Amino acid sequence: MYQFSRAMYRELSPHISCDTPGATDVDRHLHVLRACESTVARLARDRHHFARPERTLFQDIRAYFPMISQERVYRVISMYVGFAQQFLAQHPFAYYDVSGQQVQCRATTRKGTPCQRMPLPHNGYCPSHQHLAETEDAGRGDGAKDLAAA
């Protein structure tokens, strides 16, 4: 996912305005880069609960571009976010975290080693360790009282 955020930044960086008050040139570029990276990272982690990522990113960085470039900036963002969404749709089981490591189940095996299976997207556990997610939920809030009463 790193390649999408960096490509988006590379295409947007020449258009960053130099007359943004209160920020140095490095600060402006750094803010745009970080906003691109965080949007793509959130899209990779939780795309089902990120309704309009292109609009969110555009709102975050639009102040760093002159008015004449705003339409171009939005088109570039829409294009690269679309590429990232298309990649995620084509590779549904290729879950990677922000650092590029493949995501594994959160449980450990009987031998004490980390489970190597692919987790389910909604809870982070593989189908074999699905029951652990249910006990986690039961241990929070009022569920703990229900267990103690049983």
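The values are calculated or read from the model by the stated rules, or taken from the named source; none is laboratory data. Just so you know, these numbers come straight off a predicted model, no measurement behind them. Neighbour counts run over all protein chains shown; Cβ positions are idealised from the backbone, glycine included.
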Residue, modelled with the lowest pLDDT, within the range 119-150, restricted to residues that are under 25 Å from the mean Cα position of the chain (by Cα), assigned to a loop (DSSP other than H, G, I, E, B) and hydrophobic (A, V, I, L, M, F, W, C): L120
Near pairs, Cβ below 7 angstrom, 6+ apart or cross-chain, from the range 1-30 (closer than 21 Å to V81 by Cβ) to any residue that is of a type in the set (D, E) and buried (at least 18 other Cβ atoms within 10 Å of the Cβ): S5/E37
Residue ID - farthest from I61 (Cα to Cα), chosen from residues in the range 31-41 that are of a type in the set (V, I, T) and touching a residue at least 40 places away in the same chain (Cβ under 8 Å): V40
I16 more than 30 Å from M118 (Cβ to Cβ), of a type in the set (V, I, T) and touching a His at 6+ places or on another chain (Cβ under 7 Å): yes
Some residue of the range 45-58 being within 24 Å of H29 (Cβ to Cβ), touching a His at 6+ places or on another chain (Cβ under 6 Å) and of a type outside the set (S, T, Y): no
In the range 12-30, the residues that are surrounded by fewer than 16 Cβ atoms within 10 Å (Cβ to Cβ), of a type outside the set (A, V, I, L, M, F, W, C) and assigned to a helix (DSSP H, G or I): S13, P14, D25, D27
Residues that are at pLDDT below 90 and farther than 20 Å from Q3 by Cβ, drawn from the range 29-51: H48, H49, A51
Subset of the range 31-90 (residues that are outside any helix (DSSP H, G or I) and surrounded by 19 or more Cβ atoms within 10 Å (Cβ to Cβ)): F65
Boolean, Q116 is surrounded by fewer than 12 Cβ atoms within 10 Å (Cβ to Cβ) and modelled with pLDDT under 85: yes
